[in-house]
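First the structure, in the form of structure tokens, and then the observations on it.
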Amino acid sequence: MTDARAALRRATAPDHERVDAVFGGFRLDDPTDYRAFLTAHAMALPAIEDALDAAGFAMLLDDWPQRRRGGAIAADLAALGASLPAPLPVPISLDTPAAQWGAAYVVEGSRLGGALLARSVPHGLPRGYLGAPQMPGAWRNFLEKLDKHICRPQDVAQATDAARAVFGLFEVAGRNVTRLAEHQ
Ligand code: HEM
């Protein structure tokens, strides 16, 4: 495992556990729950993607524009008859390369769990987002670049702060949607 990834993975393990617990509560084989799950992700992912775009992350990772999945979530929600929710405000500034790499680590890494979750979505329901295909080697290529850019302790610290903030945004989104469902 690359050094930067190992550091980020270790530092964000409790954050991952919390989002896993929040999103594990949605039944992806139930259209209403699945729509709620996608709505929560749609409150967080496009907001982070837009912030990375605005920060110029494509200058650090040239295939970044092709990695975006905001359009896939919007298409899945439309297929389920739901509209895109308002994005949550991004709670961190992505004005340093290290912060951008930390945020991108979380959104790119989330594909790993997403691929597993896609198996729980029955045929007949859209899964453009969770099942989003990736070019072969895209994750390995991402990790190699992450490792080159995140070496100094201050970079690791900044990347970790950004990564934790992004996990936090997904957690808030998941909790918001869960709370709304409870009040219906
Ligand atoms: C029910 C929800 C989730 C489940 C069950 C889940 C599950 C997993 C699993 C099994 C892996 C490891 C896959 C592998 O090594 O091949 C993984 C990795 C990862 N997930 Fe999740 N995940 C969930 C939600 C999320 C969310 C919402 C995010 C962030 C937005 C996220 C971010 C990550 C990251 C960054 C990694 C990479 C960790 C590494 O460096 O190895 N996950 N997830």
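Only the coordinates and a few stated rules stand behind these numbers; no lab work does. Please read all numbers here as calculations on a predicted model, not as lab measurements. Cβ atoms come from the backbone with ideal geometry, glycine included; neighbour counts cover every protein chain shown.
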Next item on the list: Check Asp3 against each of (1) more than 12 Å from the chain's Cα centre (by Cα); (2) crowded, with 16+ Cβ neighbours inside 10 Å and name the one condition it does not meet.
Entry: (2)
Note to self: Looking at region 86-98, I want the residues that are under 11 Å from Asp161 (Cβ atoms) and have a partner that is part of a loop (DSSP other than H, G, I, E, B) with Cβ atoms under 9 Å, at least 6 apart or on another chain. Which pairs are those?
What the structure shows: Ala98/Ile150; Ala98/Arg152
Next item on the list: Would you point out the residue of region 73-102, among those that are surrounded by 19 or more Cβ atoms within 10 Å (Cβ to Cβ) and not in a loop (DSSP other than H, G, I, E, B), that is nearest to the ligand (Cβ to nearest atom)?
Entry: Gly102
Next item on the list: Collect the residues in region 103-133 that are more than 10 Å from the ligand (Cβ to nearest atom), touching a residue at least 24 places away in the same chain (Cβ under 8 Å) and surrounded by fewer than 14 Cβ atoms within 10 Å (Cβ to Cβ), keeping them in residue-number order.
Entry: Pro122
Margin query: Give all pairs with beta carbons closer than 6 Å in which a residue from region 49-76 that is closer than 17 Å to Glu144 by Cβ meets a residue that is of a type in the set (A, V, I, L, M); count only pairs at least 6 apart in sequence or on separate chains.
Written below: Trp64/Ala58
Margin query: Taking the criterion of being within 16 Å of the ligand (Cβ to nearest atom), without any contact (Cβ under 8 Å) to a residue 24 or more places away in the chain and in a loop (DSSP other than H, G, I, E, B), would at least one residue in region 146-169 satisfy it?
Written below: no
Note to self: Pairs please, first residue from region 10-26 and within 10 Å of Phe170 (Cα to Cα) and near the ligand (Cβ under 9 Å from one of its atoms), second anywhere and in a helix (DSSP H, G or I) and among the polar types (S, T, N, Q), Cβ atoms under 9 Å, 6+ apart in sequence or on different chains.
What the structure shows: Val19/Ser110; Val22/Thr178
